[in-house]
Each structure stands twice: as C-alpha cells, then as structure tokens.
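Enquirer: After the structure tokens below, expect a handful of questions from me.
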Amino acid sequence: MKMIDFGKIERKWQKRWEKEKAFAVTRNQKEKYYVLDMFPYPSGEGLHIGHAFVFTLGDIYARFKRLQGFNVLYPMGYDALGLPAENAAIKYKEHPMDYNKRTTANFMKQQKAMGWSYDWSRIVRTDDSDFYKWDQWIFLKMFERGLAYRKKSGVNWCGKCQTVLANEQVVNGRCWRHEEQEVEVKQLEQWFLKITDYADELVDGLDKLDWSERAKKLQRNWIGRSEGTEVDFDVNGNLWKVFTTRVDTLFGVTFLVISAQHPELMSLVTKEQETDVRKFLKKIKSTKQEDMDKLEKEGVFTGSYAQHPLTGEEIPIWTGNFVVADYGSGMVMAVPGHDERDYDFAKKYQLEIKKVVEADKLPFSGYGVLVNSEGFDGLKSEEAKNHITNALQMKNLGRKKKAFRLRDWLISRQRYWGTPIPIIYCDKCGIQTVREKDLPVKLPKKVEFGKGNPLLTNESWIKVKCPKCSGGARRETDTMDTFANSSWYFLRYTDSGNNKRIFDSKKANYWMPVDFYIGGPEHITMHLIYARFYTKFLRDLGLIQIDEPVRRYFTQGIVHAKDGEKMSKSRGNVIEPLKIIEKYGADTLRLFLVSVASSDKDFNWSDKGIEGSLRFLMRVMKHKWRAKKSDERVEHYVNKSIKEIAEDIEYMKYNLAVIKLRKVFDVIESGCSKKDMESFVKMLSVFCPHVGEELWSRFGKGLVSKSSWPKFDEKKINDSIEKADEALSKTVNDIAHVLKLIGKGEKVYVYVLPQEVKNYDEGFLSEKVGLPVKVFAVNDSKKYDPQGKSKKVKPGRPGIFVE
RNA sequence: GCGGGGAUGCCGGAGCGGUCAAACGGGAUGGACUCAAGAUCCAUUGGCUUAGUGCCUACGAAGGUUCGAAUCCUUCUCCCCGCACCA
C-alpha cells in the first residue's frame, strides 16, 4: 500500500496560503474576532511540543471563527527581549541581536510547517526598536502621571539572573527561572510601576470576564484585597497608622507591633532600648529568606507607647519579625485575646491578654458578641466594625480602608537585553526623562558580556547630555522587565506598522478586546495582571475605550512525555514537533494533539496514539470521493455533526469534535452527496487544514480555509434513524451471539415488524454476519419460521432463527 | 492553615441524575485477506449464565438523598496546583 506524501501536500498549501496572503486581515464591515496565542520567546531550540499544542488550539479556533464569517485577527510575534535570549547568546558567543535573528527565522519556518493561519503581515518583535520605543513612551507617560517612580526598598535579587525580580517572579522564595536559586533581599533603589493604583479596579473588573473561576480566583488571591479600618495611634504627638480587618476587637489591643523592616522603626526606639533593638535587627538580617516562614515570632520592646484612640490607654509598641513591612502600614495592632499570632507573642513576652469578644477559651478569632468594649458591648462583631469605625471617624482617628497584597511592580532589571528605561541622571538637574522626540533609546550593540550589567561597559552610550541643562549626564542602565513588552503587544498587533504612534486608536478600538486568548495557567498571576494594568492605563490616556484586554482566557493543559513525566533533555524523552511532522505530517500531529484529551487537561504523549490519527487521515485521503444522493440516514448524521461539532469547538472540546468527525466519516464513507462531502471537508479542514485543502481542491472552489462553516438543517436531524441503526447493529450482535452458541449455521432468518422492514437490509446483514440472511415481516404469511421465533418480536427487537 | 482541581475498564480518556458494563482512541485476543509479514477489515475484550436472555459485581472509600447515582449531598483517603505569619 502506498504511503501518502503528506509533506508534499502540506508544503503545497502552505505556499499557496502565503502567496495569497490568505489570512491577512484589515478592518471591514464584518464582525471582528480577535484570537490570540501568547507570542513565544524564539528559543534556539525551536518549537517544542507545548508550542505545537497551544498554537494548534488557537489555530483551530481561529479557522473555525473565520469559517463562521468573522473577520478574524490571528497574529503572531516574538517576545524576543529578555534574559533567556541574553543568556543563550552568551553561551553561544553570539550577540543577542544576531542570535535572535537566526532563531526567529527558524522558529517562523517551523510555525509555517504546522500550518498555523497567522496574519504574518502584522508580525511584531519586541527586540525591534520600533516596538520597544513604545515601551519607553508608555514609561514616560506613566512617569508624567506619577505611576513610574524610583524607590529604595528591599527587593528580590537572583544571583543567577544577576538582576532584581518582581514579586510575581519569586516562587516560594526562589527565582521563577532558577528553582535552585534562593532569592536574596537587597536594599536597592529601583524603578517601580504603580500598579497598586489600579488594584481595586483589577479586582472588580474580574467579574465581567469570561475566564475560568480558577483563573479569577488566582488573580483575586494575588491582588488580595481586604477591607478594614485604618486606625491612627498617637505616639508622642505623631499619628501612626495601623490597618486592621478586625476593629471590633479594638478594645482588646494590648500592644502594637511594628515591622522590623519598617523604614521609620528607629524613630520609635528609645535610648534605653536601642541596644536591644539593634541586636534584634542584626539577628533577623542573618536569617535566611528560606527559613523565614518557619521562624518563631520574636520581638523587642521599642520603649515607646501609643495612645489608644478610644480609651486613651498607654499601649507599648514592640517591633517584631512577623510583621510584613510593606503591607498596610507595616504596623499592626495586637489583640492577643483574638488572634493566635498575637496570643503566642503575648504569652512569650508576658503581655496583657484581654477578652473583648465572648468566648469560652482564648484565643478566639471568630466573630461573636462584644464584651469589655465600653459602649459597644453586646454588639455583634459585624455591626461593631461599623460602629467603632464611625466612632473613630468622628474623632478623625480612623476610617474605612482597603489593603492589598499586591505590591507595585518592580520593573528595573540589571541586564542588557531589555528595553532601556528612558531616564537620564544629571548631577545638577536630578532625574530627567528622555524627551519624547529622542525616543527610542536604542540598545547599543557594542557591549561586553560577563561582568554585571553589560550596558555599564559602553561608556559612550551611557554618557549623554542632560535634556534640561545640556550638561554632562548619564543614562539609566537598568532595562525593563520583559513583562513590560508583553503587557501591551496585543495592542500593537492592531496596527503593527505604525511608525508615528503607538497604534491608531480607531484600529485598536475595532479589534480590541482580545476575544479569545490561550495560554498557560502560570501567566494568570503575572502577564495577565500586568496586561490588565497596562490596558487600563492606556485607556486612561484616552488611547482605547476598553477596560479589559482579554474577554475569554483559556488555559491549556501540559503535554507530558509518554510515561507522564516531564519532558526534558536529561531524561531523553523530548518529542520534537519537527521530527513528528517529518514522519507523520503536520495534520496528523495537529489531529493527535487535540484528540487525546480535553484541551484544558494535561495529557501524555503516545506513539500509538499518533499512529491512530495517521490511520484516520490515510483513510480519508484514500477514500474515493464520488457524489451520489445522500439518503436520510447520511443526512441525519451529517447535519447532526455540523451542529454538535460547532458546539464542541466553541467550548474547546476538540477531542469530542474529533470523535464526531470520525463518526460522520464512517457514515459518509459509503457514499453521500456533494454537499455532504463538502460539509465534512470543511469541518475537517479546521483541524487538518492541508488535507482539507487537498480534498477541497478536488471538488470545491477556492480555498476551503476561506469558505464557510456548513449550515445544518434541523429538520434533517432525526434521532429515530440513529435508534434504528442501533437496533440493526444489536441484531447483528445477536445473530453473531446465537451463531457462537450453536456452533455453526447456514442460513439466518430475521423477523421484524412490518413498519421496520426497511431498517433491516438483507445485503447489509448478510455481509456483516457472513451468512445469507433473509428478512421477513412478521405478518408475511409466506415466511419460513419453523420455531415460531416471529412470535417474540418487539419493536426494535427482531426475532432470529438460524439453521 | 486557606483556596482551587482531580481519582472512571488493560491504558489514555468521555460521560456529570434514568436510554451506562460506560463514547472514542490505543492495546490485547480471535477471525478474514496474504506464501508470509505489514496495512486493511470484522468480532471479542468485568463475572456467571442463556439460541440473541437474565443476574451479579463495578466508575478512590464509607455513608446519605432519590422510584432511580459514575453523575447530587456528607465525611474520609490519596494526588496535583495556587497563596501562605497580609493582621
């Protein structure tokens, strides 16, 4: 049997699509639909199987929407700036710029080999200064509005990356890129973006998004909004703010604790306590980040006292290792009677414990009825919160307040291959922004790698005139976090060639928001938070009208190796898409990837499985497509599958869609109308576009990729046909069963109800059973029925006699 | 600790109140074709039983709701994933 040369067919159609720019789109009257795959980092390794999977998911959806008549924007680009590129380049002793050019070309070639239907005319790459110019522009706009600022604080430093990291890039105290690398906290002055200004909106906006509950929950957790009260405590005439979610326990406060990392800590420390406090701070500094979470609560008295805002009592202020410095105000009120942590601390240092909520046993951290709380006794915790906050408000010593776990985004990176931060330091004028007309600040090509930030090695790039006084000044050598680029690239696609503006608002407003975005779950608390922040900011600049960049976010599963293990070079179980394409063809790979499991679930690679997909495509390709009239049965199956497959695709149940596709093929294989053939090929083409085009070219006009999704006729869907089919195959089984029991037979007689005779084709039965089969209607007076089997006949269940 | 997601036949994986001994794929077994192999096609693939039937046991474990549960509820066990002294 001859193998079909899928490679040849695939190259032929890929060329054709390219030549005709089949998937390039512009704004038009049709309803738009924006499908987006996360732009990849163009690694030198090329496409991996994960890419093959996700991008196939997106491509199928984009093709489907296109056939449905939408004006589909489905772009592609390269997240080419960033540490991996720089590290890879260092490793291969090649400049990142050259390295990227090479790897991107290779990447693109592989993507084309997969048959993905991108609008290649809109390609965006972040290492192009035409792109990152706008990163810088956004930064300037943020700076103007006070959203980009420089601050000295404890920041996460990864020794392997040789740069600081954002909060989001620290996983369990380790670098997100180096599992083995513990993150160090360094006190450094760095650039931050004030994402916290949008924290509230970032939480509220989630409600209207079509994201999985899981994804929304993750973001909510990450932003971590809690609503409470800010209470002012007077310390020697200065008001110190304290955030609490439990003001109802305000009368149970017996001490305050200020974070040991609080910048103002020393101003509270009295002379007598100074030695103790310093000793304590020293001890804390020497503990590793890693051990921090297992640490016992410890603290030292500062010597200062605060005044209770309602009772006027003197409350000692301690400093402790368990208070987070940059959450709330870095100082907490301790209510040992109703908080376990405070209780432990109070026990350890013999501090007073008060009961202010009725409870059998302390500590009790639940809600209840207030006691020992002056005029608030008898109130329930929930109502007491409001009453006490009001009381504080009257004295102007407290107010409602929301606190967030989200921190401002640290975007400085001490590395070369990122967007230069457009800032100039002048000894005379201080921090100056680069003038808009001087953008982009291009990365200098000449730098030395290997010792700290490479940008520091190009003095002539660093030296610059101050934009204000024209005196000697120096450029900022930090570059931006790579996530800055990905925070808005989807907007650039809407007008990627624009060299005057970041994008044309009309175009962006037409295409945005992204209707369907596919990516991994790991991006929910990084990329997707940043992207939402940037979008809101650009909206506030008046550039776009939308509030949210992504309407529907779909998280795909992970492709594991055969045994369920992680794919890795060291294990030698890596599946390379290109090799698979060579062996089986891209369509087979595509089909296999989406038919194993539901797209949101992880699944394991299987060599057997892919052969199953190949077998199916071979069968389809070898089939002699000749049109004849479709009977009722064929029409039923075809129409039903058109309906159901569309639903399955819509809900990303590609695996189920494929099953149905296989089923229709079983039915139409024995012959169908031209229209039904076309319907099948159209549906198939979404999953296997090359095979689709090839078949289409035999009987359709133009490209199947640009045809339309078949329409189904509800009236042709007739489930009783399916029932009759089931009854028929049951009968075949029954006959086989009987034959098995009696050993052998020569002739089979089947007795059916008169109205069902048409469902039982003698030829079909004979073929399946392998013996001559004679069908009689039960009311046929001339029937041959020596054992009276026709008397047992029921609807859908014929009588059988074998002799 | 908090929150989320899982556990289905030899395997992968559908199903998410009846039509379920459970789609589809893979594997295995038997058969057809063939000199043979491969490919292809057909049948079987929980147990017992029977001229096509009937029964039993099954969807992590144990209970419960229901006329009826793989599907709903409760508890438990195990796995995966987020956050984690956030006041």
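The values are calculated or read from the model by the stated rules, or taken from the named source; none is laboratory data. No experiment lies behind these values; they were computed from the predicted model shown. Neighbour counts run over all protein chains shown; Cβ positions are idealised from the backbone, glycine included. To get the accessible areas, we keep the full protein, side chains included, count just its heavy atoms, and leave off ligands, DNA and RNA. Shrake-Rupley method; radii C 1.70, N 1.55, O 1.52, S 1.80 Å.
Enquirer: With every protein chain present, what accessible area does A:His262 have (1.4 Å probe, heavy atoms only), rounded to the nearest 10 Å²?
Expert: The value for A:His262 is about 30 Å².
Enquirer: For chain A, give me the percentage of DSSP beta bridges that are antiparallel, rounded to the nearest 5 percent.
Expert: So the antiparallel bridges in chain A amount to around 70 percent.
Enquirer: What does the extension gain come out to for A:Glu436 and A:Asp98, with contour length at 0.36 nm per residue minus their alpha carbon separation?
Expert: 118.9 nm
Enquirer: Mind giving me the FRET efficiency for A:Lys347 and A:Val171? R0 is 30 Å, r the Cβ-Cβ distance, nearest 0.05 is fine.
Expert: Computed FRET efficiency for A:Lys347 and A:Val171 comes out at 0.35.
Enquirer: Considering Cα pairs under 8 angstrom that are at least six residues apart, work out the relative contact order of the stretch A:83-176 and quote it in whole percent.
Expert: In percent, rounded to a whole number, it is 12.
Enquirer: Between A:Asp780 and A:Gln162, what is the spin-label point distance in nm, taking each point 7 Å from the Cα along the Cα→C-beta axis?
Expert: 8.9
Enquirer: While we're here: Within the accessible area of the stretch A:233-383, what % is carbon and sulfur when the probe is 1.4 Å and the other protein chains stay in place?
Expert: Carbon and sulfur atoms account for 48 percent of the accessible area of the stretch A:233-383.
Enquirer: Mind grabbing the accessible area of A:Arg474 for me, 1.4 Å probe, Å², rounded to tens?
Expert: Its accessible surface works out to 110 Å², give or take rounding.
Enquirer: If r is the Cβ-Cβ distance from A:Asn604 to A:Asp427 and R0 is 56 Å, what FRET efficiency results, to the nearest 0.05?
Expert: Once rounded, the FRET efficiency stands at 0.35.
Enquirer: Separate question: Could you order the peptides A:349-359, A:715-725 from most to least packed, using the average number of other C-beta atoms within 10 Å per residue?
Expert: A:349-359, A:715-725
Enquirer: How charged is the neighbourhood of A:Lys271? Take every other residue with its Cβ under 15 Å from the Cβ of A:Lys271, and add Lys/Arg as +1 and Asp/Glu as -1.
Expert: Once positives and negatives cancel, what remains is -1.
Enquirer: Angle between the Cα long axis of helix A:719-742 and the longest principal axis of chain A, 0 to 90 degrees, nearest 10?
Expert: 70
Enquirer: With the full set of protein chains in place, find how many percent of the accessible area of the stretch A:574-637 is carbon and sulfur; take the probe as 1.4 Å.
Expert: So the carbon and sulfur contribution to the accessible surface is 49 percent.
Enquirer: With the dipole of chain A worked out from charges on the C-beta (+1 for Lys and Arg, -1 for Asp and Glu) around the Cα centre, which of A:Val257, A:Ser486, A:Gln350 lies farthest toward the positive end?
Expert: Checking the options against the dipole of chain A, the answer is A:Ser486.
Enquirer: Leaving out ligands, DNA and RNA but keeping every protein chain, what accessible area does A:Ser630 have, in Å² rounded to the nearest 10, with a 1.4 Å probe?
Expert: Here the residue's solvent-accessible area equals roughly 10 Å².
Enquirer: Sticking with this structure for a sec: Computing the accessible area with a 1.4 Å probe over protein heavy atoms, can you report the carbon and sulfur percentage for the stretch A:47-189?
Expert: After summing per-atom areas, the C and S share lands at 49 percent.
Enquirer: Still on this model: So what is the relative contact order of chain A, in percent, for Cα pairs below 8 Å that sit 6 or more residues apart?
Expert: Taking the mean separation of contacting Cα pairs over the length of chain A, I get 13 percent.
Enquirer: Any idea what angle helix A:129-144 forms with the longest principal axis of chain A, computed on alpha-carbon atoms, 0 to 90 degrees, nearest 10?
Expert: 40
Enquirer: Under a 5 Å amide H to amide H cut-off, with H placed in plane at 1.01 Å, what residues pair with A:Arg174 once short-range neighbours are removed?
Expert: Distant-sequence amide H within range of A:Arg174: A:Val183.
Enquirer: Here is a further query. Run the quick spin-label model on A:Lys628 and A:Asp204: label points 7 Å from Cα toward the beta carbon, then report their separation in nm to one decimal.
Expert: 6.6
Enquirer: Based on the Cβ-Cβ distance of A:His178 and A:Val369, what FRET efficiency does E = 1/(1 + (r/R0)^6) give at R0 = 51 Å, to the nearest 0.05?
Expert: E(calc), rounded to 0.05, equals 0.45.
Enquirer: Suppose every Lys and Arg Cβ carries +1 and every Asp and Glu Cβ carries -1, with no other charges. What dipole size does chain A come out with about its Cα centre, to the nearest 20 debye?
Expert: 3500
Enquirer: Report the Cα centroid-to-centroid distance between the stretch A:247-267 and the stretch A:733-760 in angstrom, as an integer.
Expert: Going from one Cα centre to the other spans 87 Å.
Enquirer: Follow-up question, since we're still on this one. List the residues whose amide H sits under 5 Å from the amide H of A:Lys774, counting only those 5 or more places along or on another chain, with H placed 1.01 Å from N in the peptide plane.
Expert: Distant-sequence amide H within range of A:Lys774: A:Val748, A:Tyr749, A:Val750.
Enquirer: For the Cα atoms of chain A, what angle does the longest principal axis make with the long axis of helix A:654-668, in degrees from 0 to 90, nearest 10?
Expert: Between helix and principal axis, roughly 10 degrees.
Enquirer: Excluding residues on the same chain fewer than 8 positions from A:Lys241, give the lysines whose Cα lies under 19 Å from its Cα.
Expert: The reachable lysines, counting only those whose Cα sits under 19 Å from A:Lys241, are A:Lys385, A:Lys395, A:Lys400, A:Lys401, A:Lys402.
Enquirer: Per DSSP H run of n ≥ 4, the term is -39500 (n - 2.57); total these for chain A, divide by its residue number, and report the mean residue ellipticity at 222 nm rounded to 500 deg cm²/dmol.
Expert: Helices in chain A give a 222 nm mean residue ellipticity of -11500 deg cm²/dmol.
Enquirer: Could I ask something else about it? Given labels modelled 7 Å from the Cα in the Cβ direction, how far is it in nm from A:Arg214 to A:Ala24?
Expert: Here the answer is 4.0 nm between the modelled labels.
Enquirer: With an 8 Å Cα cut-off and a minimum separation of 6 or more residues, compute the relative contact order for the stretch A:348-484 in percent.
Expert: About 21 percent, as a whole number.
Enquirer: Please state the shape class of the stretch A:577-669: rounded when a/c is under 1.5, otherwise prolate if a/b exceeds b/c and oblate if not, all from the C-alpha gyration tensor.
Expert: Judged from the Cα gyration tensor, the stretch A:577-669 comes out oblate (a/c at least 1.5, b/c at or above a/b).
Enquirer: Further, regarding this structure: Can you tally the net charge around A:Ala627? Count Lys and Arg as +1, Asp and Glu as -1, for every other residue whose Cβ sits under 9 Å from the Cβ of A:Ala627.
Expert: Result for the neighbourhood of A:Ala627: +4.
Enquirer: Still on this structure: Measuring with a 1.4 Å probe in the full set of protein chains, what accessible area per residue, in whole Å², belongs to chain A?
Expert: Computed with neighbouring chains in place, this is 46 Å² per residue.
Enquirer: For the stretch A:208-220, just list the computed ³J(HN,Hα) in residue order, Karplus coefficients 6.51, -1.76 and 1.60, θ = phi - 60°, integers in Hz, with x standing in for Gly and Pro.
Expert: Those phi angles translate into 8, 8, 8, 10, 5, 4, 4, 4, 5, 4, 4, 5, 4 Hz.
Enquirer: Just need log10 I(q)/I(0) for chain A at q = 0.05 Å⁻¹, Debye formula, equal scatterers on the alpha-carbon atoms, no solvent, rounded to two decimals.
Expert: -0.41
Enquirer: With the cut-off at 1.5 for a/c, could you classify the stretch A:108-237 from its C-alpha gyration tensor as rounded, prolate or oblate?
Expert: It is prolate, given that a/c is not under 1.5 and a/b is the larger ratio.
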